[in-house]
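The values are calculated or read from the model by the stated rules, or taken from the named source; none is laboratory data. These numbers come from a predicted model, not from an experiment. When we count neighbours, we look across all protein chains shown, and the Cβ atoms used for this are built from the backbone with ideal geometry, even at glycine. For the accessible areas, the whole protein counts, side chains as well, though only heavy atoms, and no ligand, DNA or RNA atoms are used. Shrake-Rupley method; radii C 1.70, N 1.55, O 1.52, S 1.80 Å.
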Amino acid sequence: ERGEVVALMGRNGAGKSTTLKTLMGLLPGRAGQVTFMGQEISHLASHAVARLGMGYVPEERRIFGELTVLENLNVGRQPARTWPDGVHLPAWTVQRVFDLFPNLAAMPTRRGAHMSGGEQQMLTVARTLMGNPYLVLLDEPSEGLAPAIVEQMAAVIRELKREGLTLLISEQNLRFAAA
């Protein structure tokens, strides 16, 4: 539902990441049916799923190392969206993303390859938000991050929920998911 955060919990190898990649259309040979925003998307490529408003934050981060923070954000930019009932989603802009991630605001011209793992994770989430998604799939958002960055990610997720964004989180850390 709108504004809901759901955690898909399990140990390594349980299929959490595979589930998110399947929803996003990243795995070949899918079977079954997936419906998103009233449309059957099982046959769509990942870029088409993203255009419909599903955002994906991979565990591996996958930022563009040679691009700056601002350039990475612009790669993800999509138009603002409206829910089927006519309610507008708050549009994500560079300024809104910088308000959510002050660390990124301090380094707009830094290349992605010259950022820490936590900064790269923030950038990946921020780039996904620039797509103005209805739903964000977060794959292991606390994995491999320093405790202070994990707390910051939890605060970001709570803020996104307050704003009405829907999130599906793949996670092993029960304490993080519960927060």
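What do you reckon, is Met54 modelled with pLDDT of 95 or more and not hydroxyl-bearing (Ser, Thr, Tyr)? It is true that Met54 is modelled with pLDDT of 95 or more and not hydroxyl-bearing (Ser, Thr, Tyr).
Within segment 2-28, the residues that satisfy the criterion of being crowded, with 16+ Cβ neighbours inside 10 Å and part of a strand (DSSP E or B) are Val5, Ala7, Leu8.
Does segment 95-127 hold any residues that are among the hydrophobic types (A, V, I, L, M, F, W, C) and over 18 Å from the mean Cα position of the chain (by Cα), and which are they?
Here is the first cut: in segment 95-127, the ones among the hydrophobic types (A, V, I, L, M, F, W, C) are 97-98, 100-101, 104-107, 113, 115, 122-123, 125-126.
Once the filter is applied, which keeps residues that are among the hydrophobic types (A, V, I, L, M, F, W, C) and over 18 Å from the mean Cα position of the chain (by Cα), segment 95-127 yields Ala105, Ala106, Met107, Ala113, Met115.
Of everything listed in (1) surrounded by fewer than 20 Cβ atoms within 10 Å (Cβ to Cβ); (2) in contact with a Lys or Arg (Cβ under 9 Å, 6 or more places away or on another chain), the single unmet condition for Trp92 is (1). If you check Ile149 against the conditions, is it modelled with pLDDT under 95, within 21 Å of Arg62 (Cβ to Cβ) and in contact with a Leu (Cβ under 8 Å, 6 or more places away or on another chain)? Judged against the criteria, Ile149 is not a match.
The set of residues in segment 156-179 that are open to solvent by 30 Å² or more (accessible area, probe 1.4 Å) and of a type in the set (Asp, Glu) comprises Glu159, Glu163. When segment 64-86 is filtered for residues that are closer than 20 Å to Leu167 by Cα and in contact (Cβ under 8 Å) with a residue 24 or more places away in the chain, the ones remaining, listed by number, are Leu73, Gly76, Arg77, Gln78, Pro79, Ala80, Arg81, Trp83, Pro84.
For segment 112-166, how many residues meet the condition of being in a helix (DSSP H, G or I), within 20 Å of Arg96 (Cα to Cα) and not charged (D, E, K, R)?
Counting residues in segment 112-166 that are in a helix (DSSP H, G or I), within 20 Å of Arg96 (Cα to Cα) and not charged (D, E, K, R) gives 19.
All conditions in (1) assigned to a helix (DSSP H, G or I); (2) in contact with a Gly (Cβ under 9 Å, 6 or more places away or on another chain) hold for Ser170, with the sole exception of (1). Go through segment 120-155 and give me each residue that's buried (at least 22 other Cβ atoms within 10 Å of the Cβ) and over 25 Å from Ala50 (Cα atoms). None - no residue of segment 120-155 is buried (at least 22 other Cβ atoms within 10 Å of the Cβ) and over 25 Å from Ala50 (Cα atoms), so the list stays empty.
Looking only at residues in segment 29-87 that are part of a loop (DSSP other than H, G, I, E, B) and of a type in the set (Phe, Trp, Tyr), which one is most open to solvent (accessible area, probe 1.4 Å)?
Pass one, segment 29-87, residues part of a loop (DSSP other than H, G, I, E, B): 29-34, 37-38, 41-45, 52-53, 58-67, 76-81, 83-87.
Right, trim to of a type in the set (Phe, Trp, Tyr) and you get 64, 83.
On the way: Phe64: 95, Trp83: 33 Å².
Out of the qualifying residues, it is Phe64.
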